[in-house]
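Novice: Here you go, one structure.
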Amino acid sequence: MLLALGIFTAFAGSQTISPGEIWPDDRGQHIQAHGGGILKVGGTFYWFGEERSRGLNPTYRYVSCYSSTNLAQWTFHKDALKVYDPENFRPGWILERPKVFYNAKTKKFVMYMHVDDASYKLARVAVAIADTVDGDYQWVKSFRPLGHESRDIGQFIDDDGTAYLIFEDRPFGFRIAKLSDNYLNVEKEMCLIPMHMEGGAVVHYHGLYYAIGSALTGWNPNPNKYATAKSLEGPWSDFTDIAPPEKNTYGSQSTMMLKVTGMKATTVIFMGDIWKPATQWDSRYLWMPLEIGDGKLSLPEPKPWTLDVETGESVISK
Ligand code: GAL
């Protein structure tokens with residue numbers, strides 16, 4: 001009985017999401033999926049992000065791929081993209097915030113990412129494609145979406161399956177644009193929110209769109225804010241803090257909002273990065289269920305919590 005209880009406790013413990021802590025994968029190594037995004041394929045969630053382990057070959061850039069069925073325990077698959085300066089961006093080039101979409105028409109998995117030169121002047125997105133979700137992604141091209149500068153990117157898939165890219169266009173603000181039919185291009189701008197915000201994330205919840213962004217403070221945290229709109233075209237409300245501003249988003253920066261709809265409830269997860277610029281391999285994750293509804297959104301104080309992906313219910317520990 002005691003043994004059974006012990007096993008149960010260990011299992012329950014590992015299903016807990018602990019914001020800010022080391023998050024071990026199936027190999028016991030801290031998950032390397034910074035600035036990441038999640039794609040659900042069947043009943044499995046795939047987490048793609050910046051692989052920043054120590055000891056990587058510094059001439060390559062890496063995008064990792066992990067999978068999970070409960071969003072708490074993650075299995076490392078591989079570096080889905082490993083690429084050596086494909087377009088002569090020069091040493092120190094940047095690959096950040098990868099996000100993967102599935103295109104049901106072409107049956108291809110399409111990865112978007114921010115690519116840049118070492119001084120962040122190129123401001124482009126790149127796309128890479130694969131036949132399977134954890135395949136070897138092949139570089140296709142880089143470009144400026146709709147001709148605009150694009151640094152931090154975010155991914156939004158609406159309830160009807162339409163895929164959008166959120167991107168930060170430094171001179172103007174925060175844009176949300178629809179991808180082309182094959183997802184290899186950014187085709188139609190839905191809106192320009194004239195706010196200088198990055199780490200953009202959008203969720204569609206009970207008939208309202210909620211957008212989150214952070215201020216432009218590099219790796220340092222700042223009070224992330226949200227706005228709402230009835231349609232992506234806007235009009236968008238004013239931006240309001242998602243947490244007490246003095247908390248600086250509890251040391252994190254938004255990368256995505258993930259909606260988990262179960263049989264009983266819907267949980268919207270705030271996925272943020274706690275960056276450690278001098279020791280990036282040790283950057284942590286702040287995932288918390290948001291308080292959301294009726295045009296209001298707030299990020300609760302981080303505490304360990306559990307999620308049941310079947311019911312959609314989440315419980316924050318006392
Ligand atoms: C942040 C951005 C990160 C990275 C960093 C570089 O503002 O969100 O993805 O680009 O700046 O300083």
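The values are calculated or read from the model by the stated rules, or taken from the named source; none is laboratory data. Everything quoted here is computed from the prediction, not taken from an experiment. Counting neighbours? That spans all protein chains shown, and the Cβs are built from the backbone with ideal geometry, glycine included. All accessible areas refer to the heavy atoms of the entire protein, side chains included, with ligands and DNA or RNA removed. Shrake-Rupley method; radii C 1.70, N 1.55, O 1.52, S 1.80 Å.
Novice: Could you pull the accessible area for Arg61 with a 1.4 Å probe, rounded to 10 Å²?
Specialist: It works out to around 40 Å².
Novice: Give the lysines reachable from Lys318 as a straight Cα distance under 24 Å; neighbours fewer than 8 places away on the same chain don't count.
Specialist: Filter leaves Lys247, Lys259, Lys264, Lys296, Lys303.
Novice: Give me the dipole magnitude in Debye, nearest 20, for segment 21-123 about the Cα centre, with unit charges on the beta carbon: positive for Lys and Arg, negative for Asp and Glu.
Specialist: Numbers: 14 positive and 11 negative charges, 75 e Å.
Rounded to the nearest 20 debye, it is 360 debye.
Novice: Give me the 1.4 Å probe accessible area per residue for segment 203-261, excluding ligands and nucleic acids, in Å². Write down the numbers at each step before the final one.
Specialist: Working: 2500 Å² over 59 residues.
Roughly 42 Å² per residue, with all protein chains present.
Novice: Hey, another quick one. Residue by residue through segment 137-146, which ³J(HN,Hα) values in whole Hz follow from phi under the Karplus form 6.51 cos²θ - 1.76 cosθ + 1.60 (θ = phi - 60°), with glycine and proline marked x?
Specialist: Once rounded to whole Hz, the list reads 5, 9, 4, 9, 5, 10, 6, 9, x, 6.
Novice: What would the Debye equation give as log₁₀ I(q)/I(0) for segment 167-229 at q = 0.12 Å⁻¹, counting only Cα atoms as equal point scatterers?
Specialist: Once normalised to I(0) and log-transformed, intensities are -0.33.
Novice: Here's another thing I want to ask about it. Size of the dipole of segment 115-195 about the Cα centre, Lys and Arg at +1 and Asp and Glu at -1 on the beta carbon, nothing else charged, in debye to 20? Show your work: numbers first, answer last.
Specialist: Values: 9 positive and 15 negative charges, 95 e Å.
Approximately 460 debye in magnitude.
Novice: A further question follows. Of the accessible area of segment 30-104, with the probe set at 1.4 angstrom, what percent is carbon plus sulfur? Please list the in-between numbers first.
Specialist: Working: 1310 of 2790 Å².
Its accessible area is 47 percent carbon and sulfur atoms.
Novice: State in Å² the accessible area per residue of segment 55-139; use a 1.4 Å probe, count heavy atoms of protein chains only, and round to the nearest integer. Please report the intermediate quantities before stating the final value.
Specialist: Values: 3560 Å² over 85 residues.
Heavy-atom accessible area per residue stands at 42 Å².
Novice: Please work out whether the chain counts as rounded, prolate or oblate from its C-alpha gyration tensor, where a ≥ b ≥ c are the square roots of the eigenvalues and a/c under 1.5 means rounded, while otherwise a/b larger than b/c means prolate and anything else oblate? List each step's numbers first, then the result.
Specialist: Numbers: a/c = 1.45, a/b = 1.18, b/c = 1.23.
Rounded.
Novice: Here's a follow-up. Going toward the positive end of the dipole of the chain, with +1 on Lys and Arg Cβ and -1 on Asp and Glu Cβ, which of Val127, Gln155, Trp236 do you reach last?
Specialist: Selected residue: Val127.
Novice: Just how large is the dipole of the chain about the Cα centre, in debye to the nearest 20, putting +1 at every Lys and Arg Cβ and -1 at every Asp and Glu Cβ? Show your work: numbers first, answer last.
Specialist: Details: 32 positive and 37 negative charges, 63 e Å.
I would put it at about 300 debye.
Novice: For segment 203-306, what does the alpha-carbon gyration tensor say about shape, rounded, prolate or oblate, given a ≥ b ≥ c as the root eigenvalues, a/c under 1.5 as rounded, and a/b over b/c as prolate? List each step's numbers first, then the result.
Specialist: On the way: a/c = 2.06, a/b = 1.36, b/c = 1.51.
Note, shape of segment 203-306 comes out oblate.
Novice: Divide by every residue of the chain the summed helix terms, -39500 (n - 2.57) for each DSSP H run of at least 4, and state the resulting mean residue ellipticity at 222 nm, rounded to the nearest 500 deg cm²/dmol.
Specialist: On the way: 1 runs with 13 residues, N = 318.
Helices in the chain give a 222 nm mean residue ellipticity of -1500 deg cm²/dmol.
Novice: Also, I was wondering about something else. Among Leu216, Ser314, Met257, whose Cα sits farthest toward the positive end of the charge dipole of segment 193-318 (+1 at Cβ of Lys/Arg, -1 at Cβ of Asp/Glu, about the Cα centre)?
Specialist: Farthest towards the positive end: Ser314.
Novice: While we're looking at this one, here's another question. Output the pairs from Lys141/Lys276; Lys121/Lys141; Lys121/Lys276 with a Cα-Cα distance over 26 Å in this structure; if there are none, say none.
Specialist: Numbers: Lys141/Lys276 30 Å; Lys121/Lys141 17 Å; Lys121/Lys276 23 Å.
Check vs 26 Å cut-off fails for Lys141/Lys276.
Novice: With all protein chains present, how much of the accessible area of segment 144-243 (probe radius 1.4 Å) comes from carbon and sulfur, to the nearest whole percent? If you can, show how the numbers build up before the last one.
Specialist: Working: 2000 of 3910 Å².
Here carbon and sulfur together make up 51 percent of the probe-accessible area.
Novice: How charged is the neighbourhood of Thr279? Take every other residue with its Cβ under 12 Å from the Cβ of Thr279, and add Lys/Arg as +1 and Asp/Glu as -1. Kindly include the intermediate steps, with their values, before the conclusion.
Specialist: Values: positive: Arg52, Arg54, Lys276, Arg284; negative: Asp282.
That sum, taken over residues with Cβ under 12 Å, equals +3.
Novice: How high is the relative contact order of the chain, in percent, with contacts defined as C-alpha pairs under 8 Å that are six or more residues apart? Kindly include the intermediate steps, with their values, before the conclusion.
Specialist: Numbers: 816 pairs, mean separation 41.3, N = 318.
So the answer I get is 13 percent.
Novice: Still on this structure: Determine ³J(HN,Hα), in whole Hz, for all residues of segment 268-283 in sequence, where each value follows from phi through the Karplus function 6.51 cos²θ - 1.76 cosθ + 1.60 and θ = phi - 60°; x replaces Gly and Pro.
Specialist: My calculation for segment 268-283 gives 9, 9, 7, 9, x, 10, 9, 6, 10, x, 7, 9, 4, 4, 9, 4 Hz in order.
Novice: May I pose another question? Measure off, as a whole percent, the carbon and sulfur share of the 1.4 Å-probe accessible area of segment 257-318, all protein chains present. Please report the intermediate quantities before stating the final value.
Specialist: Values: 1480 of 2820 Å².
Within segment 257-318, the accessible surface is 52 percent carbon and sulfur.
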